[in-house]
Amino acid sequence: MKSITVYQADENGHFLYQTTASELYLSPGNFNVPYCAVEVEPPVAAGGMVPKWDGLAWTIVEDHRHETLYVAETGQEYHYGAAVQIGGESVTFHGTGPIPHWLTTTAAKPPMEEPVAE
């Protein structure tokens with residue numbers, strides 16, 4: 001049986017790893033390519049960047065998925081992929097590309113404690 005090299009991406013197109021797809025026994029010339037995998041080799045990305053498949057080609061985008069981000073309006077920690085209401089609009093960030101204006105890398109400062117009267 002033949003096999004080919006394919007490049008696995010996640011559901012958002014971010015490159016994960018290289019793997020192999022085996023030829024289908026009852027359909028020679030066709031391969032069992034995993035979901036979200038492509039046959040086009042991604043380019044090498046420098047640190048802080050990741051290849052992303054857009055459905056037609058690989059691009060290199062900023063990778064913030066290992067950073068802690070906060071919702072700018074509230075200071076609450078943001079969980080990648082979560083929908084947030086900003087100005088009446090539902091927005092989501094999957095961690096790659098430029099950080100949107102509604103997110104920040106700065107945590108909210110805790111409120112100042114009032115001095116206790118004795």
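Quick check on GLU41: is it open to solvent by 80 Å² or more (accessible area, probe 1.4 Å), acidic (Asp, Glu) and modelled with pLDDT under 95? Walk me through it before giving the result.
Values: open to solvent by 80 Å² or more (accessible area, probe 1.4 Å): yes; acidic (Asp, Glu): yes; modelled with pLDDT under 95: no.
Here the answer is no, as GLU41 does not meet what is asked.
Taking region 1-14 as the search range and keeping residues that are assigned to a strand (DSSP E or B) and farther than 14 Å from ASP54 by Cβ, which one is most open to solvent (accessible area, probe 1.4 Å)?
SER3
Just a yes or no: is a residue in region 15-26 on the phi > 0 side of the Ramachandran plot, modelled with pLDDT under 95 and open to solvent by 30 Å² or more (accessible area, probe 1.4 Å)?
no
So which strands (runs of 3 or more DSSP E) are wholly in region 21-79 and hold at least 1 residues that are of a type in the set (Lys, Arg)?
Because the criterion is at least 1 residues that are of a type in the set (Lys, Arg), the strands (runs of 3 or more DSSP E) in region 21-79 that meet it are 49-53.
Every residue in region 80-103 that is part of a strand (DSSP E or B), under 17 Å from the mean Cα position of the chain (by Cα) and either among the hydrophobic types (A, V, I, L, M, F, W, C) or over 18 Å from VAL50 (Cβ atoms) (or both), please.
VAL84, VAL91, LEU103
Within region 50-64, count every residue that is among the hydrophobic types (A, V, I, L, M, F, W, C) and either surrounded by 18 or more Cβ atoms within 10 Å (Cβ to Cβ) or touching a helix residue (DSSP H, G or I) at 6+ places or on another chain (Cβ under 9 Å) (or both).
4
The values are calculated or read from the model by the stated rules, or taken from the named source; none is laboratory data. Computed from a predicted structure; not experimentally measured. Positions of Cβ are generated from backbone atoms using ideal geometry, with glycine treated the same way; all protein chains shown enter the neighbour counts. Protein only, heavy atoms only, side chains kept; ligands, DNA and RNA dropped before computing areas. Shrake-Rupley method; radii C 1.70, N 1.55, O 1.52, S 1.80 Å.
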